[in-house]
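**Q** Structure in structure tokens, see below.
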Amino acid sequence: MARTITILGLESSCDDTAAAVVRHSDDLNPEILSSVVYGQSDLHSAFGGVVPELAARAHAEKIDICVREALTQSTLTLTDMDAIAVTAGPGLIGGVMSGVMCAKGISAATGLPLIGVNHLAGHALTPRLTDGVSYPYLMLLVSGGHCQFLVVRGPDDFTRLGGTIDDAPGEAFDKSARLLGLTQPGGPAIETEAKKGDAARFRFPRPLLDRPDCNLSFSGLKTALLRQRDQITAQKGGLTRADRADICAGFQQAVADVLAEKTRRALRLYLQENPAVPSFALAGGVAANSSIRAASKKVCADLGVAFIAPPLALCTDNGAMIAYAGLELFRAGARDGLDLIARPRWPLDRHSPALLGSGKKGAKA
Ligand code: KG4
Ligand code: ZN
């Protein structure tokens, strides 16, 4: 007999407080019954980045409101849930703790099973929630804090084929936007400027393409942008609108080219596994970028691989992806106790060595 599982999911690892209810019956597609996200960008915009203490306080204030709204919108109550899933890391520890404490409170009060979810697993399993992609598949997770190629074989079975050795692409977009006086988050601001610009005017480097592996680097690209800005400023006393647009276009093209070429290499490696239905999924905030999407899609078309890009609202941080990852883990028998801990770092692939230095700010995995 088909079994229906309903999960409440909580997310608070960075600057979005979110809760959602997801339901799945064995023989149907999973259904998002509600998804509530309280973003904090207004809170942090004046500081040019997420301020962990402010984020933690805002999560603590909003998380129970989010849960209540998610339940109301789903027209269900806690008694209709099978379990409660919560991001237990990696992320900004104060925020992760807000979610974990809230989930523990609900679990203790109701007796609902508790499931700690890796935030990255939430992103990595989203293509199954949105498009029903079957295991295995290759995915590129690109956001403000992450950049990695993952072979996804199960809800707790991931192999990293490569990733960034310094900044994540979203971080590079955000820092570069700041250098050009654009608004935050920098990705959408740079994409808007790039549409008006000439990508061929300035030639930005394509880091690590000389190496055959699937690792990436973006911090040099940001430095190249800074140099270009300073060079023009020294010559003309400042940037014109056209200069800024051309820099943005050149920068975005460089990121798209590097991601596309490394995707080609990662796919070639992945295809050696002979997957029955080869598919590639692109997720994370940077997947919102239309040039990056188009470049990845073309690589997949060249190699005969299905391309999946979840809807944008589910590419950025949300509670539905945590509820869904929790649902798959719950079905596989995972349960956590009230001793569940919040973890600032939590690599998805436990067997691959860390790529980022331990002191790296923003490195979450
Ligand atoms: O996944 P996400 O919401 O949060 C985490 O980092 O976990 O991703 C946010 C990142 C930001 O760095 C933002 O600048 C970037 O995604 N981003 C974009 C675009 N939209 C958002 N980057 C490039 N182009 C975009 N259109
Ligand atoms: Zn995220």
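**Q** Report residue 350's accessible area, 1.4 Å probe, all protein chains in place, as a number in Å² to the nearest 10.
**A** Number for this one is 150 Å².
**Q** I've got another one for you. State whether segment 1-145 is rounded, prolate or oblate according to the following rule on the C-alpha gyration tensor (a ≥ b ≥ c being the square roots of its eigenvalues): a/c under 1.5 gives rounded; otherwise a/b larger than b/c gives prolate, and the remaining case gives oblate.
**A** Note, shape of segment 1-145 comes out oblate.
**Q** Set the Förster radius R0 to 35 Å, insert the Cβ-Cβ distance between residue 241 and residue 210 as r into 1/(1 + (r/R0)^6), and round the FRET efficiency to 0.05.
**A** Using R0 = 35 Å, I get an efficiency of 0.50.
**Q** Let me ask another. Highest GNM mean-square fluctuation, the chain, Cα pairs closer than 10 Å: which of 202, 173, 149?
**A** Largest GNM mean-square fluctuation: 202.
**Q** Under a point-charge model restricted to the Cβ atoms of Lys and Arg (+1) and Asp and Glu (-1), what is the dipole moment magnitude of segment 116-184 relative to its Cα centre, in debye to the nearest 20?
**A** I would put it at about 60 debye.
**Q** Tell me which residues come under 5 Å, amide H to amide H, from residue 34 once H is placed; ignore anything under 5 positions away on its chain.
**A** When sequence neighbours closer than 5 places are left aside, the close amide H contacts are 21.
**Q** While we're looking at this one, here's another question. Against the longest alpha carbon principal axis of the chain, how many degrees, from 0 to 90 and to the nearest 10, is the axis of helix 219-236 turned?
**A** Long axis of 219-236 versus the principal axis of the chain: about 40 degrees.
**Q** Could you size up the charge dipole of the chain around its Cα centre, putting +1 on the beta carbon of Lys and Arg and -1 on that of Asp and Glu, and report it in debye to the nearest 20?
**A** 1100 debye
**Q** Using amide H atoms built 1.01 Å from N in the peptide plane, name the residues 5+ places from residue 281, or on other chains, whose amide H lies under 5 Å from its own.
**A** Those lying under 5 Å, H to H, from residue 281 are 138, 139, 140, 308.
**Q** Turning to a different aspect of this structure: Each residue of segment 276-292 in order: what ³J(HN,Hα) in whole Hz does its phi give by Karplus 6.51 cos²θ - 1.76 cosθ + 1.60, θ = phi - 60°, with x for Gly and Pro?
**A** My calculation for segment 276-292 gives 4, 10, x, 9, 10, 10, 10, 8, x, x, 5, 5, 5, 6, 5, 5, 5 Hz in order.
**Q** Here is a follow-up. Gap in Å between the Cα centre of segment 51-123 and the Cα centre of segment 141-192?
**A** Spelled out, the Cα-based centre of one part sits 24 Å from the other.
**Q** In whole Hz, what ³J(HN,Hα) sequence does segment 306-312 give by Karplus (6.51, -1.76, 1.60; θ = phi - 60°), x for Gly and Pro?
**A** 5, 10, 10, 10, x, x, 4
**Q** Once label points are set 7 Å from the Cα along Cα→Cβ at both residue 198 and residue 4, what is their separation, rounded to one decimal in nm?
**A** 6.1 nm
**Q** For the chain, with the dipole built from +1 on Lys and Arg beta-carbon atoms and -1 on Asp and Glu ones, taken about the Cα centre, which of 17, 288, 4 lies farthest toward the positive end?
**A** With unit charges placed on the Cβ atoms, the residue in question is 288.
**Q** Expressed as a rounded percentage, what relative contact order does segment 232-365 have, with Cα pairs under 8 Å and six or more residues apart?
**A** With pairs under 8 Å counted, the relative contact order is 18 percent.
**Q** Would you please give the FRET efficiency between residue 108 and residue 65, computed as 1/(1 + (r/R0)^6) with r the Cβ-Cβ distance and R0 = 22 Å, to the nearest 0.05?
**A** 0.65
**Q** Please identify, among 54, 282, 259, the residue showing maximal mean-square fluctuation in a Gaussian network model of the chain using a 10 angstrom Cα cutoff.
**A** Looking only at 54, 282, 259, the largest GNM fluctuation is found for 54.
**Q** Here's something else I'd like to know. Let a ≥ b ≥ c be the square roots of the eigenvalues of the Cα gyration tensor of segment 256-328; is it rounded (a/c under 1.5), or, if not, prolate (a/b larger than b/c) or oblate?
**A** Here segment 256-328 falls in the oblate category.
**Q** Still on this structure, I have one more. Between 26, 257, 156, which gets the highest mean-square fluctuation from a Gaussian network model of the chain, Cα cutoff 10 Å?
**A** Evaluated over the chain, the most mobile residue of the options is 26.
**Q** Mind checking segment 193-295 for trypsin sites (Lys or Arg not before Pro) that DSSP puts in a loop (not H, G, I, E or B) and that have at most 15 other Cβ atoms within 10 Å?
**A** Hits after loop and neighbour filter: 196, 201, 203.
**Q** Let me ask something additional. Provide the percentage of antiparallel DSSP beta bridges, counting only those with both residues in the chain; round to the nearest 5.
**A** If I count the DSSP bridges inside the chain, around 65 percent turn out antiparallel.
**Q** Could you give the length gained on full extension between residue 43 and residue 101, defined as 0.36 nm per residue of separation minus the Cα-Cα distance, in nm?
**A** Taking residue 43 through residue 101 to full extension adds about 18.6 nm, to one decimal.
**Q** Also: Provide the gained length on full extension for the span residue 28 to residue 231, in nm with one decimal, where the gain is 0.36 nm per separating residue minus the Cα-Cα distance.
**A** 67.3 nm
**Q** Sticking with this structure for a sec: Could you grab the relative contact order for the chain? Cα pairs under 8 Å, six or more apart, rounded to a whole percent.
**A** Here the relative contact order equals 24 percent.
**Q** Taking amide H atoms as placed 1.01 Å from N in the peptide plane, list the residues 5 or more away in sequence, or in a different chain, whose amide H sits under 5 Å from that of residue 216.
**A** Residues meeting the criterion, in which the H sits 1.01 Å from N, are 163, 164, 165.
**Q** In the chain, if the dipole is taken from +1 on Lys/Arg beta carbons and -1 on Asp/Glu beta carbons about the Cα centre, which of 214, 188, 276 is farthest to the positive end?
**A** 214
**Q** Taking square-rooted eigenvalues a ≥ b ≥ c of the alpha carbon gyration tensor, is segment 207-365 rounded, prolate or oblate, where a/c under 1.5 means rounded and, failing that, a/b exceeding b/c means prolate?
**A** prolate
**Q** Right, something else. Test of understanding: what is the full-extension gain from residue 306 to residue 264, defined as 0.36 nm times their sequence separation minus their Cα-Cα distance?
**A** So the chain would gain 13.8 nm between residue 306 and residue 264.
The values are calculated or read from the model by the stated rules, or taken from the named source; none is laboratory data. Every value quoted in this text rests on a predicted model; they were computed, and no experiment measured them. Note: ideal-geometry Cβ built from the backbone for every residue, glycine included; neighbour counts use all protein chains shown. When the accessible area is computed, the model is the full protein with side chains, heavy atoms only, and any ligands, DNA or RNA have been set aside. Shrake-Rupley method; radii C 1.70, N 1.55, O 1.52, S 1.80 Å.
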